[in-house]
Structure formats: C-alpha cells, structure tokens
C-alpha cells in the first residue's frame, strides 16, 4: 500500500469520507449521511480481514464490499445529476467519482488498504520530528537531529527498543568500538 499511496496520494477512501462527513455533521445532506453510513460498512469488512492473506482479503471484499462500492457510485451518479454543480455535496461527489478506478483497486488487490491511515499514523512522528528539527540551531545540528531520529525510527521498525539500543550503542562507541565494525551495531543486526 505504501507504494500505492506514494504513486496515488488521493487513493484513500478516508480522504473522500471526510468531505461527506463534514456535510453529514452539519446536517445539510441526506446523501452525505447515507454515504457515511454505507462507507462504514467498508471499514467493518476491513476490520474482519486485517492481517489475513491478500487472497482472503480479496474474497471477503468481493463478497461484502464490492456491492457497497457499486451502490455508492450509483448513488453519487444519480445525485450529481440533480444537484447544483457548485454545492459542497457536488464537490465531494466529483472528488470520489474522479477517483473511481483507484478507489476500486482494493477490491481486486488484497495487498492494498482501504485507506492510508496506517501509513499516515506511522509517519506522523517523523513529520513532527522533521518540523521540530528546523529549529535545531544550525545546519549541522539539524543533520545530527535527523540522523538520530532516523536511527531511532529504524530501531522501532526492527522491533528494537530505541532507548536501550541507543544507550548500548553509544556505550560501545565510547569504549572504542571499531569503526570498521559499525554495521554490527545497527538495529537490524539485533
């Protein structure tokens, strides 16, 4: 999914859902409310298939989600013909319809997530760190901060406790660890 989200940044159903949800909360559109309720069924299916094989995910999606997706696009097509093209609802519908092919890919490829929420949650700490490092005081300080943040995140991605790893690694370096063997200290080797 990461590749898909980088190639198609607007491929997330949750981005589309937000536009309808705002209208639903405002109470300004029965179609938006119906959309949000129908989309909820998609996330219910995803909750049951998360962690399963791609083939199992596709089978469940074909059985339960494909009809919901088809119903949503039918609703949007019918609604778009009878509302003002300048309305917020029309904008939300056009956003979804223009991405139909990419939105439907999750139905036939079990490797693809319904939304980008998992990726966005995973990169949020790095994004915050990157913004904070702008105030590191100098270019060298910023580079050092970025290096440490990258190493700590790499430790997390390798299921290594970042604090413990960094503590041991710095102690080993301080005690004269050979620079030719620095690769042995990397988190993926623990």
Considering each residue of the stretch 139-166, count those that are under 11 Å from residue 187 (Cβ atoms) and either surrounded by 14 or more Cβ atoms within 10 Å (Cβ to Cβ) or at pLDDT 85 or above (or both), and give that number. 14
Among the helices (runs of 4 or more DSSP H) lying completely within the stretch 1-75, list those that include at least 3 residues that are at pLDDT below 95. 2-7, 13-26, 30-49
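Run down 94, 82, 111 and say which single residue is free of Cβ contacts under 8 Å to residues at least 24 places away in the same chain and either outside any helix (DSSP H, G or I) or touching a strand residue (DSSP E or B) at 6+ places or on another chain (Cβ under 6 Å) (or both).
Details: 94 fails: either outside any helix (DSSP H, G or I) or touching a strand residue (DSSP E or B) at 6+ places or on another chain (Cβ under 6 Å) (or both); 111 fails: free of Cβ contacts under 8 Å to residues at least 24 places away in the same chain.
Checking each option against the conditions leaves just 82.
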Taking the stretch 56-82 only, how many residues are over 18 Å from residue 43 (Cα atoms) and exposed (fewer than 14 other Cβ atoms within 10 Å of the Cβ)? 5
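The values are calculated or read from the model by the stated rules, or taken from the named source; none is laboratory data. These numbers were taken from a predicted model, which means no experiment stands behind them. When we count neighbours, we look across all protein chains shown, and the Cβ atoms used for this are built from the backbone with ideal geometry, even at glycine.
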